[in-house]
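Structure first, then comments.
Taken together, the values in this text are just the output of simple stated rules run on the coordinates, not laboratory data. Values in this document were obtained by computation on a predicted structure and should not be read as measured data. When we count neighbours, we look across all protein chains shown, and the Cβ atoms used for this are built from the backbone with ideal geometry, even at glycine.
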Amino acid sequence: MYTKSNCLIAQSGGPTAVINSSLYGAIMEASRSEKIGKVYGGINGIEGIIKGNIIDIFDIPYERIKQMRFSPAAALGSCRYRLKDYLEDEEEYKKLIEIFKKYNIKYFFYIGGNDSMDAVDKISKYAREIGFEINVIGIPKTIDNDLMFTDHSPGFGSAAKYIATTTLELALDAEVYETKTINVLEVMGRNAGWLTASSALVKERLPHLKQLIYLPEIPFNEERFLEDVNKAYKEYGNVFITVSEGLMDEKGNYIGRKENAYHKDAFGHPQLGGVGDYIEKLVKEKIYKRVKMTRLGVTQRCAMHLASKVDFEEAEMLGREAVKYALCGETGKMISLVRERNYPYTVKTDIVDVDKVCNKEKKVPLNWINEEGNYITEEFFDYARPLIQGEVKVPMVEGLPYYTNLKYAIAI
């Protein structure tokens, strides 16, 4: 008797405002397929799957699944878990294959960033090595927008919208006083400056605002920075400085390292944050005392109330398209976005070999940064503007967003 195969979906890494939209898209598309029987969810990514933490998605009421689209954070839970190479340690791979066999999994979808794509690559290669039939597809997400071979990553547009909005609000707040203010905004992004550059998207709203923007793509020179700020302060009074958490000097040292312990995560990445404090102190000591520093932190990735509709819809589309590609036999791939034009904005999907993506970083092109290294060019505006368009109507209950997750649903 013919038995349908099943699929497993999991999430990994730092969440985004729209990561659950990709999850919803994958769930809905898989449920439509005649080739797929059950749709399972892995709780807390690969780490949870290895431990057997798996749920049957459709044990959960559909209304809750639908509502999950409008919720931030990873609805199935996440992890920062590094799979070793199977030639180095095969035991975890054997456990994964046992789980896949137990639940008759023939399609595995992993929603995540760079490190998650590394897991997709390793699992698909191991399965091929031992002759186990499974289609493994990566679905991209990252607010950092640093994944290669996709025009942009779901999550970036919403985070960029939030950062630009916060910049607008902080700048307007500073203007209420006769006394001038220098604002410092610290933004996420690790070694890529996409999010930091997004602060400039307020240009049309506040054409008079003097902004200085420092990306990790350009080595930070303290003397030149102080010259920039001093000149801007004398000419404009109010100055808005946006700095990336990943700023480095000419020697490759993170700025403000002495003020921050920089612990490392499971993948060896420094846990950044603290450059804003350093910049605030520097400006206060050298230029002007009235400095207001804001560090957005994880609010950049979980502000669903200000999500971009374009981002929200593209995230769901990638989830659906990933399932379609898997059903056509693709494996060891990442679904990607290909921009066709900026105005009017159109985009299509494609797939790329995941081993071309993992362990690499896409950075802001140097020719999108001005000669002074303290602002961005029109090319970035053309790139980013379409991605922040539209609003998502988040359901509200008693004055607050109605958020939910699937993590604490019935375990099998």
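Points worth noting:
- Full extension of the chain between LEU226 and LYS51 gives 57.8 nm of extra length, using 0.36 nm per residue less the Cα-Cα distance.
- Listed cross-link partners LYS203/LYS393; LYS333/LYS360; LYS210/LYS231 are compared with a 22 Å cut-off, the Cα-Cα value being larger for LYS203/LYS393.
- The chain, relative contact order in percent, only Cα pairs under 8 angstrom and at least six apart counted: 24
- Most simply put, region 164-266 has about 10% antiparallel DSSP beta bridges, counting only bridges with both residues inside it.
- Additional length obtainable on full extension of the chain from TYR343 to LYS251, 0.36 nm per residue less Cα span: 29.1 nm
- 10 Å-binned pair-distance histogram of region 42-154 (Cα, whole percent): 12, 43, 33, 11, 0
- PHE58-THR299 FRET efficiency (beta carbon distance; Förster radius 35 Å; 0.05 resolution): 0.60
- Global form of the chain, assessed from the alpha-carbon gyration tensor, a/c cut-off 1.5: prolate
- Applied to region 396-404, the Karplus parametrisation 6.51 cos²θ - 1.76 cosθ + 1.60 on θ = phi - 60° returns per-residue 3J(HN,Hα) values of 10, 9, 6, x, 10, x, 8, 9, 8 Hz, with x for Gly and Pro.
- GluC sites (Glu not before Pro) lying in DSSP loop within region 42-123, provided at most 12 other Cβ fall within 10 Å: GLU88
- Of all aspartates and glutamates in the structure, those lying under 12 Å Cα to Cα from LYS292, and not within fewer than 8 positions of it along the same chain, are ASP173, GLU186, ASP277, GLU280.
- The H on the amide N of ARG295, modeled in the peptide plane, is under 5 Å from the matching H of GLU186, each at least 5 residues off or on a different chain.
- Residue-span extension gain [LYS102 to TYR177] - 0.36 nm each, minus C-alpha spacing: 20.5 nm
- Taking Cα centre as origin and charging only the Cβ of basic (Lys, Arg, +1) and acidic (Asp, Glu, -1) residues, the dipole magnitude of the chain rounds to 800 debye.
- Helices that extend 15 Å or more along their long axis by alpha-carbon positions and average at least 0.5 on the Kyte-Doolittle scale are, among the DSSP H runs of the chain, 156-174.
- Antiparallel beta bridges, as assigned by DSSP with both residues in the chain, represent about 35 percent of the total such bridges.
- Förster radius 56 Å - calculated FRET efficiency between LEU87 and LEU400, Cβ distance, rounded to 0.05: 0.65
- C-alpha center-to-center spacing [region 15-72, region 140-178] in angstrom: 27
- Extents of region 267-412, taken as max minus min of Cα coordinates on every principal axis and listed largest first, are 61, 46, 39 Å.
- Helix-only [θ]222 nm of the chain, DSSP H runs n ≥ 4, -39500 (n - 2.57) each, per residue, nearest 500: -10000 deg cm²/dmol
- Ordering of 306-314, 152-160, 171-179 by burial proxy (mean other Cβ atoms within 10 Å per residue, highest first): 152-160, 306-314, 171-179
- Calculated from backbone phi, Karplus (6.51, -1.76, 1.60) coupling profile of region 207-214 in Hz, x at Gly/Pro: x, 7, 6, 8, 10, 10, 10, 10
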